[in-house]
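Here is the structure we will look at, set down as structure tokens.
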Amino acid sequence: MITNDKMEAQEVEVEVEAQAATESGDQQIKLYSYWRSSCSYRVRIALNLKGLKYEYKAVNLLKGEQFSPEFRKLNPVGYVPVLVDGDTLVADSFAILMHLEEKYPQHPLLPPDLQKRAINYQAANIVSSSIQPLQNLAVLKYLEEKVSPDEKIEWVKFHIGKGFSALEELLNNHAGKYATGDEVYMADLFLAPQVYTAIRFQLDMTQFPLLARLHEAYKKIPAFLDAIPEKQPDAPSP
Ligand SMILES: N[C@@H](CCC(=O)N[C@@H](CS)C(=O)NCC(=O)O)C(=O)O
């Protein structure tokens with residue numbers, strides 16, 4: 001005969017197992033990503049911070065795989081990242097991060113303080129709306145072909161620099177060890193890949209001391225380190 005105590009113990013066990021499955025990512029998470037995509041990089045950091053295992057599905061942007069009919073069924077706009085989480089399909093890094101935050105509350109990506117939370121949204125959107133779209137592969141290809149390769153580099157440096165000046169000003173009053181205090185939050189997930197890209201384009205980071213300091217801090221966090229482009233399965237071998 002099963003007593004109430006036993007039933008309760010069994011229920012707790014099932015709950016613990018479900019939680020463990022969720023935490024270990026046994027929910028069949030797939031991330032469509034490209035190794036050097038800064039938008040995918042944001043999501044890789046979030047998955048790592050939340051301790052979620054996932055299957056890496058490489059989409060080669062240089063070969064145009066993002067335009068294939070199969071991929072456009074996942075994201076009609078033809079961009080990575082795309083996340084498939086069980087029955088849920090979601091594209092766009094911001095939407096993906098919000099989905100992960102709502103479904104997997106461990107290691108919150110947003111602080112409880114509303115002002116800090118708002119700064120996280122603002123910083124994330126400066127990167128995702130006012131910097132990254134101006135240095136997207138499609139834009140760079142257009143500039144290289146229709147204007148000139150040198151002009152392309154100047155363009156990228158100008159627009160990243162403009163956004164970085166704004167971020168320095170915005171975050172100066174809020175930063176601690178990380179962008180908005182001593183915990184890693186959403187703003188950091190957008191900043192780390194953007195600074196990585198800036199360095200790739202040889203932007204002089206001494207102009208942006210706060211962002212340069214944050215970049216050094218991110219190098220010490222395993223969830224960030226494991227998400228770097230060079231460590232991804234589709235990165236070319238060195
Ligand atoms: N707002 C989207 C932007 C996605 C995006 O621009 N993805 C880039 C890589 S970071 C891409 O797939 N580019 C392919 C192309 O330009 O054809 C997001 O945050 O996910």
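Divide the volume of the convex hull of the Cα atoms of the stretch 53-108 by its number of residues and quote the answer in cubic angstrom per residue.
For the stretch 53-108, the hull spanned by Cα atoms encloses 95 Å³ per residue.
Ligands, DNA and RNA excluded, the heavy atoms of residue 154 present near 100 Å² of accessible surface to a 1.4 Å solvent probe. Share of carbon and sulfur in the accessible area of the chain stands at 54%, probe radius 1.4 Å. With a 10 Å cut-off between alpha carbons and a GNM built on the chain, which of 93, 40, 165 moves the most? Sorting by GNM fluctuation, first place goes to 165.
Considering all different alpha carbon pairs of the stretch 114-225, the Kirkwood hydrodynamic radius works out to 14.4 Å. Summarising the strand pairing of the chain, around 70 percent of its internal DSSP beta bridges are antiparallel. For the stretch 73-140, dividing the convex hull volume of the Cα atoms by the residue count gives 91 Å³ per residue.
The mean sequence separation of alpha-carbon pairs under 8 Å and at least six residues apart, normalised by the residue count of the stretch 114-225, gives a relative contact order of 30 percent. Each label was represented as a point 7 Å from its Cα along the Cα-to-Cβ direction; for residue 139 and residue 225 these points are 3.3 nm apart. Highest GNM mean-square fluctuation among 54, 34, 121, for the chain modelled with Cα contacts below 10 Å: 121. Here, P(r) means the percent of Cα pairs in each 10 Å bin from 0 to the largest distance; for the chain it is 7, 29, 34, 19, 6, 3, 1, 0. About the centre of its Cα atoms, the stretch 104-188 shows a dipole size close to 160 debye [charges on the beta carbon of Lys, Arg (+1) and Asp, Glu (-1) only; nearest 20 debye].
The values are calculated or read from the model by the stated rules, or taken from the named source; none is laboratory data. Source: prediction; values computed, not measured. Don't worry about glycine lacking a Cβ; one is built from the backbone with ideal geometry, like all the others, and counts go over all protein chains shown. The accessibility values were calculated without ligands, DNA or RNA, using every heavy atom of the protein model including side chains. Shrake-Rupley method; radii C 1.70, N 1.55, O 1.52, S 1.80 Å.
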